[in-house]
Amino acid sequence: MRTPIMAGNWKMNCDNEQARELAAAIAQNAGDMQDCGVILCPPATALTMVQAAIEGTNIGLAAQNMFWEEKGAYTGELSGPMLRSCGCKYVIIGHSERRGRFGSVADDFTAELQKIFGDSDASVNRKIKAALSYGLTPIVCGGELLAERRAGQTDSVVKGQVQAAIAGLSAEQISPIICAYEPVWAIGTGEVCDAGEANRVIGLIRETLAEAVGSAIAEQIRILYGGSVKPDNVRGLMEAPEIDGGLVGGASLKADAFCELIAVAAQVGE
Ligand code: PGA
């Protein structure tokens with residue numbers, strides 16, 4: 001039995017005061033949650049503030065990205081040890097927005113955004129290795145673009161992303177990783193993936209992991225769904241047997257909505 005996880009990815013939202021308020025409200029409501037893991041992923045500027053607000057609760061702290069080097073002349077980047085010193089236990093790696101693949105920003109600037117954010121399969125792999133070496137649990141993201149889905153490439157894209165992400169890692173290194181299937185067309189668009197289809201693709205991710213680590217370990221790995229998870233669609237998603245929780249953007253910015261998602265995941269997971 002896999003304990004579900006609800007991770008709130010705040011993206012580039014919340015100044016420090018807003019972050020403190022949001023984290024405190026979630027901690028008050030869900031701080032002692034046992035049946036669902038709760039992870040908050042604030043912007044880097046608010047990590048310390050949020051850590052103070054969740055101190056002593058069961059809620060975990062995650063960063064939204066990291067660089068693989070330990071320290072040095074990498075202006076604007078953050079290392080694993082820095083994130084650890086802010087209280088992080090987790091780090092999101094390879095979110096589609098960091099790969100420059102956006103569901104909701106369909107403008108002429110997309111190619112430029114890909115260069116600016118620029119995570120690739122290779123950099124995702126290096127970041128995962130670095131995160132693990134610094135004692136951070138990676139939340140590894142992947143998912144297909146709408147054009148890839150329309151072209152019938154969903155399975156090959158997702159499988160390829162998973163294989164590239166875990167390349168060169170031992171079964172022991174892979175076993176604590178958390179994965180997230182996030183179809184890019186469903187992120188921030190309000191268009192959720194059908195629970196049956198999300199369940200199918202997550203099953204494929206588990207099979208791909210099993211090819212590398214064997215099915216006993218793959219059965220233990222938590223694989224989340226992300227993309228427009230909301231209180232009105234969360235139950236169907238959480239009831240799907242392969243889906244072990246959610247990586248939530250928009251709905252994680254409201255304490256009431258996010259706590260409702262946590263409550264449903266905990267209830268369904270029982
Ligand atoms: P969304 O974002 O819930 O706003 O669609 C999900 C994510 O990008 O993690």
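Among the residues of the range 216-270, write down those that are farther than 29 Å from Ile174 by Cβ and acidic (Asp, Glu).
Across the range 216-270, the qualifying residues are Asp232, Asp256, Glu260.
Give the range 121-150 a look and list any residue that's small (Gly, Ala, Ser) and at pLDDT 95 or above, or say none. Step through it out loud before you land on a result.
So in the range 121-150, the residues small (Gly, Ala, Ser) come out as 122-123, 130-131, 133, 135, 142-143, 147.
Matches in the range 121-150: Ala122, Ser123, Ala130, Ala131, Ser133, Gly135, Gly142, Gly143.
With (1) in contact (Cβ under 8 Å) with a residue 24 or more places away in the chain; (2) surrounded by fewer than 16 Cβ atoms within 10 Å (Cβ to Cβ) as the list, and Lys115 as the residue in question, which single condition is left unmet?
Answer for Lys115: the failing condition is (1).
Got a number for residues in the range 66-94 being touching a strand residue (DSSP E or B) at 6+ places or on another chain (Cβ under 7 Å) and either surrounded by fewer than 20 Cβ atoms within 10 Å (Cβ to Cβ) or of a type in the set (Asp, Glu) (or both)?
Applying the first criterion (touching a strand residue (DSSP E or B) at 6+ places or on another chain (Cβ under 7 Å)) to the range 66-94 yields 66-67, 69-71, 74, 77-79, 83, 87-94.
Next, from what is left, pick out any that are either surrounded by fewer than 20 Cβ atoms within 10 Å (Cβ to Cβ) or of a type in the set (Asp, Glu) (or both): 67, 69-71, 74, 77-79, 87, 89.
Matching residues across the range 66-94 total 10.
What residue, among those in the range 167-185 that are within 16 Å of the ligand (Cβ to nearest atom) and in contact with a helix residue (DSSP H, G or I) (Cβ under 9 Å, 6 or more places away or on another chain), is farthest from Tyr134 (Cα to Cα)?
Restricting to residues being within 16 Å of the ligand (Cβ to nearest atom) and in contact with a helix residue (DSSP H, G or I) (Cβ under 9 Å, 6 or more places away or on another chain), the top hit is Trp185.
Please report, ordered by residue number, the helices (runs of 4 or more DSSP H) entirely within the range 157-253 with at least 3 residues that are in contact (Cβ under 8 Å) with a residue 12 or more places away in the chain and not hydrophobic (A, V, I, L, M, F, W, C). Walk me through it before giving the result.
Values: elements: 171-174, 195-213, 215-218, 234-239.
Per the criteria, 195-213, 234-239.
Which helices (runs of 4 or more DSSP H) sit wholly inside the range 39-124 and have at least 2 residues that are within 16 Å of the ligand (Cβ to nearest atom)? Show your work before the answer.
On the way: elements: 47-54, 80-85, 110-117.
The helices (runs of 4 or more DSSP H) meeting that bar are 110-117.
Can you name the residue in the range 223-258 that is more than 15 Å from the ligand (Cβ to nearest atom) and more than 23 Å from Met1 (Cβ to Cβ) and, of all such residues, is nearest to the chain's Cα centre (by Cα)?
Filtering first and then ranking leaves Ala255.
The values are calculated or read from the model by the stated rules, or taken from the named source; none is laboratory data. Remember, it's a predicted structure, so these values are computed and weren't measured experimentally. Using ideal geometry, Cβ is built from the backbone for each residue, glycine included, and neighbour counts are taken over all protein chains shown.
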